[in-house]
Amino acid sequence: MSEFETLARPYARAVFETARAHDELARWSEVLASAAQVVAHPQFSALLDDPRLGAGDVADLLVELLGGRLDERGRNLVRVLAENRRLAVLPAIADLYERYRADAEGTVDARVASAQPLAEAEREAIARALERRLGRRVKLEFDIDERLLGGAIVRAGDLVIDGSVRGKLEQLAMRLSHS
């Protein structure tokens, strides 16, 4: 577990609880994603360590860059993070928030990498199989990975299902080398 994740956890939990209480889960996803993107930008992240700028200056700049996306609670979050020198953990806060949201909504994000584009029927079959296995609704994203010889690799949270030809060949090679 990263240090940033440890620092981010109480903030992410507080934001999640506030968003859920105000029925604003989707809006806060967008706010946190935007804030994390700004903070992760090299030019902005350099400002976080600039001794000439106070915490309030950096907070004001971030609030200005995010414009109308922040309501009063959002501006307060930025100010609290700045005062505690925690703005750099915003990407981790956004990531944890999305995990809390997915757990609350009973969803999981999954990514399928295949050697070739999958037909709609194949996509639906993968989604159904994952939903049965994980007991959650699955939001799938599909990528083409030309390095794969055939088949597909599915990633959903910590679960990795390697159904690629390359993966099967590597498994076979491991078994043969241990025989």
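Values quoted throughout were computed directly from the atomic coordinates according to the rules given, and no laboratory measurement underlies them. Note that this is a predicted model, so its numbers are computed, not measured. Because the Cβ atoms are built from the backbone with ideal geometry, glycine has one as well, and the counts that use them run over all protein chains shown.
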Exercise. Looking at segment 84-126, which trypsin sites (Lys or Arg not before Pro) are DSSP coil and have at most 15 other C-beta atoms within 10 Å of their C-beta?
Worked result: R85
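About its Cα centre, how strong a charge dipole does segment 55-147 have in debye, to the nearest 20, once Lys and Arg get +1 and Asp and Glu get -1 at the Cβ? Intermediate results must be reported in sequence, preceding the final value.
Working: 17 positive and 19 negative charges, 81 e Å.
Charge dipole of segment 55-147: 380 debye, to the nearest 20.
So if each residue of separation counts as 0.36 nm, and I subtract the Cα-Cα distance between L53 and L134, what length gain in nm does that give? Before the final figure, lay out each step's value.
Working: separation 81, 0.36 × 81 = 29.16 nm, distance 4.74 nm.
That pair, L53 and L134, stretches by 24.4 nm at full extension.
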Problem set entry | segment 2-89 - percent relative contact order, Cα under 8 Å, separation 6 or more | 34 percent
Seminar exercise, completed: HN-Hα couplings for segment 22-36 via Karplus (6.51, -1.76, 1.60; θ = phi - 60°), in whole Hz with x for Gly/Pro, come out as 9, 6, 10, 4, 5, 5, 5, 4, 5, 4, 5, 5, 5, 4, 5
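Using alpha-carbon pairs under 8 Å, 6+ residues apart, how would you state the relative contact order of the chain in percent? Don't skip to the answer; put the middle values down first.
Working: 193 pairs, mean separation 37.6, N = 179.
Taking the mean separation of contacting Cα pairs over the length of the chain, I get 21 percent.
Would you calculate, for the chain, the mean residue ellipticity at 222 nm contributed by helices, counting each DSSP H stretch of 4 or more residues as -39,500 (n - 2.57) and dividing by all residues, to the nearest 500? The partial results should precede the final answer.
Working: 8 runs with 110 residues, N = 179.
Mean residue ellipticity, 222 nm, calculated: -19500 deg cm²/dmol.
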Exercise. Can you tell which of A94, A55, A115 shows the greatest fluctuation in a Gaussian network model of the chain with Cα springs below 10 Å?
Worked result: A115
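Work out, in µm²/s and without decimals, the Stokes-Einstein translational diffusion coefficient of segment 107-177 at 10 °C, 1.306 mPa s, Rh from Kirkwood over C-alpha pairs.
On the way: Rh = 12.7 Å.
Here the translational diffusion coefficient equals 125 µm²/s.
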For this session: Mind checking the full-extension length gain between T107 and Q37? Use 0.36 nm per residue of separation minus the Cα-Cα distance, one decimal, nm.
Result: 22.9 nm
Problem set entry | segment 72-179: GluC sites (Glu not before Pro) falling in loop per DSSP and having at most 12 other Cβ within 10 Å | E146
For this session: Mind pulling the angle between the C-alpha long axis of helix 3-21 and the longest principal axis of the chain? Nearest 10 degrees, somewhere in 0 to 90.
Result: 80 degrees
For this session: Obtain the nm distance between the two label points defined at L176 and S2 by a simple spin-label model: each point lies 7 Å from its Cα along the Cα-to-C-beta direction.
Result: 3.9 nm
Problem set entry | Extension gain, V80 back to S45 (0.36 nm per residue minus Cα-Cα distance, nm) | 10.9 nm
